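Below is one structure, written out as structure tokens; the observations come after it.
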Amino acid sequence: MLMKKSYLILFLTFITFSLSAQIVRIDTVQSKIEFKPTKKSSANEIEYHYSVAIKALTIQQFPKLFKQLNSDDYYKTPLSGLVFKFNDNQISYRISGDYYYDKNYIFHNECADCEIMTGQFTNYSLKVGFEKNVNIGTIQPYFAFDIGYNNNKFKGEAMNAGAINFTIPYEANSRKKSAILGPSFGIKFNLINHIAIGAESGIDFLLTYETQEKAYNDAQRNRTFQKYNKVELLMRPLSLLSLQYNFSQED
């Protein structure tokens, strides 16, 4: 009987040690499985290498012609240019071009009753610069700075604007070649993947070399030729209401 009790005690002791050897505290176990969140693919988080934008509408001032009275007027120019961008995180390097042509450009010269000038007017520019996004999101404010070249020319004729003969009618030619410095501020709205719309406003500082030529319609066909160096400040309250397409998505 004593022998059986001894065996029973030894058996229970063995069972107890076996069970305690397999008890593991679960609060000390570290999982080897790594959790990787799925990558979002919303329009505001995807980055693209390149963008191209159409300037749907521009409201701006043009360089002054001769002694133009309404040189502070603003002109609306639809579909006036293109912008190509190289995107690098929150900074984009951009190249932009603008073109405006009016075959029946009219303005008063000298005074309201002095001369009225009518002719063909052309203005085009090419700029390079950068824009820096303030944040990355659906709505992206940004500031930009461009340097470039502007060419402005007018070819037409001047007539007396009123009953008084202020001048002898003459053929007029004006040409301006300008260096541009242009700070801007804008905002973009990412609609869907690849597509964004934007608006921008700014100021253009122009360092200009201008030539003016007049050929009078008199018997002697007198001609005058003048050269000027000028500094002009042009406002661009809405220089870029654009539709932008983004492509070449980053991996």
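If you average over every viewing direction, what projected area does the convex hull of the Cα atoms of region 101-251 give, in nm²?
For region 101-251, averaging the hull's shadow over all directions gives 11.8 nm².
Remark on residue 170: its backbone amide H falls under 5 Å from those of 158, 217, a criterion applied only to residues 5 or more positions apart or on other chains, H modelled at 1.01 Å from N. Among the listed pairs 67/188; 76/155; 76/214, those whose Cα-Cα separation exceeds 32 Å are 67/188. Taking the 1.4 Å solvent-accessible surface of region 145-193 as the whole, the part contributed by carbon and sulfur is 65%.
The values are calculated or read from the model by the stated rules, or taken from the named source; none is laboratory data. What you see is a predicted model, and the numbers here were worked out from it, not measured in a lab. The area values use the complete protein model at the heavy-atom level, side chains included, leaving out ligands, DNA and RNA. Shrake-Rupley method; radii C 1.70, N 1.55, O 1.52, S 1.80 Å.
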